Amino acid sequence: MTAPLGVAVIGAGRMGADHVRRIQEVVSGARVTAVVDVDADRAEAVAAPVDGCTAHTDPAAAMAVADVDAVLIASPGPAHEEALLAAFAHDLPVLCEKPLTPDPASALRVLEAEQALGRRRVQVGFMRRYDPEYTRLRAVLETGRLGRPLMLHNRHRNVASASFFTSSMLISDSVAHEADVTRWLFGHEITAVTVLRPTPSSAAPEGLLDPQFVVFETAGGALSDVEIFVNCQFGYEVQAEAVCERGTARIGAGHGLLTSTEGRWGGAIPQDWTERFADAYDRQLQAWVDATRRGEVTGPSTWDGYAAAAVCAAGVRALHEGRRVEVELAERPALYG
Ligand code: NAD
């Protein structure tokens, strides 16, 4: 493919609008040719500054536009299944923001629909796999220099949760990322989830179980634990430490620019994911554009999206039932290696 990839962006909210900016200003080899939002004014506002870009309220209508070669889905999770199936019907490759879909049953339907096509069409937006620190951590583990990984300690903290955030969403919306990195770093499926619930922070909205402590068991025998704390008030922090037989490897300390002045040294803590993972979003999108232009599909697959949904479903049950819950996973189809 020599012409730039024409992309329809579905969902023009925070992530969608940022992806439009990224395609237009950061990524090479692509341009935004259509923007879709159920809110017509929002679609129009995001599409208007982009030369030759049309605005729509119906995803399927946008996919039928002549210069749309690929689809980026950034609508809310419950809208993903319909958009994915429409993209399959139009034979268009997709970058789908996480979650693939909000629950394992719908993720399985997407998995089956993709298998019926006989080839991969979807890259799921688990952008941490493109973060320079996470990729270095994986590379170190893969050398075997530190020995076999035994445990992964994860910390995931947000300044404050959105008003609509529920206790279940700490798992399904936030810990979904750790479910994916655990599977990706260890190369094993997660088999069971336990969730412990400390007394909630007084800064958490009434009724929100925040923080939570999540433990994943993996098929390889390694454990991965996650402190998820979405009203920590001071910043957005994502950290991980892999503990191996002969050493540890950790990321996320955030030592960017440090200043020393007036008897103190210090630096800034990012306030949200768009800042902390800016590089990762750029690299993810460039990798998708490059692969798509080569006629390939790479990166986190529909299977990865389904597996994360299955882990999160087990996690939400573990949270509410106060017990260890095993992950129910379908057999991995040959299409996903
Ligand atoms: P948002 O609420 O800011 O934006 C969503 C937009 O989609 C809104 O403009 C809404 O009007 C529109 N919309 C709703 N239903 C639609 C439909 N059926 N078709 C088209 N448009 C529709 O949400 P957001 O924060 O931008 O999140 C969007 C997606 O990105 C979600 O799946 C979310 O989980 C994901 N996300 C990923 C990360 C990450 O780190 N990878 C971070 C934040 C959000």
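Quick look at the numbers
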read-out	value
Residue that is without any contact (Cβ under 8 Å) to a residue 60 or more places away in the chain, within 12 Å of the ligand (Cβ to nearest atom) and touching a helix residue (DSSP H, G or I) at 6+ places or on another chain (Cβ under 7 Å), where the choices are Ala86, Ala62, Ala74	Ala86
Residue list for region 288-308, filter: of a type outside the set (Ser, Thr, Tyr) and more than 19 Å from Pro99 (Cα to Cα)	Val289, Asp290, Ala291, Arg293, Arg294, Gly295, Glu296
Candidates Tyr306, Tyr236 - the one that is within 16 Å of the ligand (Cβ to nearest atom), surrounded by fewer than 22 Cβ atoms within 10 Å (Cβ to Cβ) and not basic (Lys, Arg)	Tyr236
Unique match (being surrounded by fewer than 16 Cβ atoms within 10 Å (Cβ to Cβ), hydrophobic (A, V, I, L, M, F, W, C) and more than 20 Å from Phe126 (Cβ to Cβ)) among Leu209, Leu196	Leu196
Exclusive hit being of a type in the set (Lys, Arg) and farther than 30 Å from Leu146 by Cα, set Arg264, Arg276, Arg283, Arg246	Arg264
Residue in region 174-189 that is more than 21 Å from Ala280 (Cβ to Cβ) and either of a type in the set (A, V, I, L, M) or not in a loop (DSSP other than H, G, I, E, B) (or both) present	no
Enumerated helices (runs of 4 or more DSSP H) restricted to region 1-100, each holding at least 3 residues that are over 18 Å from Val289 (Cβ atoms)	40-47, 59-63, 80-89
Residue ranges of strands (runs of 3 or more DSSP E) in region 242-285 with at least 1 members among the hydroxyl-bearing types (Ser, Thr, Tyr)	247-251, 259-261
Flag if Arg197 is among the basic types (Lys, Arg) and farther than 17 Å from Arg324 by Cα	no
Of all residues in region 134-152 being buried (at least 21 other Cβ atoms within 10 Å of the Cβ) and not aromatic (Phe, Trp, Tyr), the one that is farthest from the ligand (Cβ to nearest atom)	Pro149
Lone qualifier among Arg121, Arg155 - being touching a residue at least 60 places away in the same chain (Cβ under 8 Å), more than 23 Å from Cys232 (Cβ to Cβ), away from the ligand (no atom under 15 Å from the Cβ) and surrounded by 16 or more Cβ atoms within 10 Å (Cβ to Cβ)	Arg121
Residue that is surrounded by the most Cβ atoms within 10 Å (Cβ to Cβ), among those in region 239-265 that are at positive phi and more than 16 Å from the ligand (Cβ to nearest atom)	Gly254
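For (1) in the same structural domain as Cys232 (by TED's automatic domain parsing); (2) touching a strand residue (DSSP E or B) at 6+ places or on another chain (Cβ under 8 Å), each residue gets a yes or a no:
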{"residue": "Val110", "(1), (2)": "no, yes"}
{"residue": "Leu117", "(1), (2)": "no, no"}
{"residue": "Arg121", "(1), (2)": "no, yes"}
{"residue": "Arg136", "(1), (2)": "no, yes"}
{"residue": "Val140", "(1), (2)": "no, yes"}
{"residue": "Asn154", "(1), (2)": "yes, yes"}
{"residue": "Val159", "(1), (2)": "yes, no"}
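The values are calculated or read from the model by the stated rules, or taken from the named source; none is laboratory data. All figures in this text were calculated on a predicted structure; none of them were measured in a lab. Neighbour counts run over all protein chains shown; Cβ positions are idealised from the backbone, glycine included.
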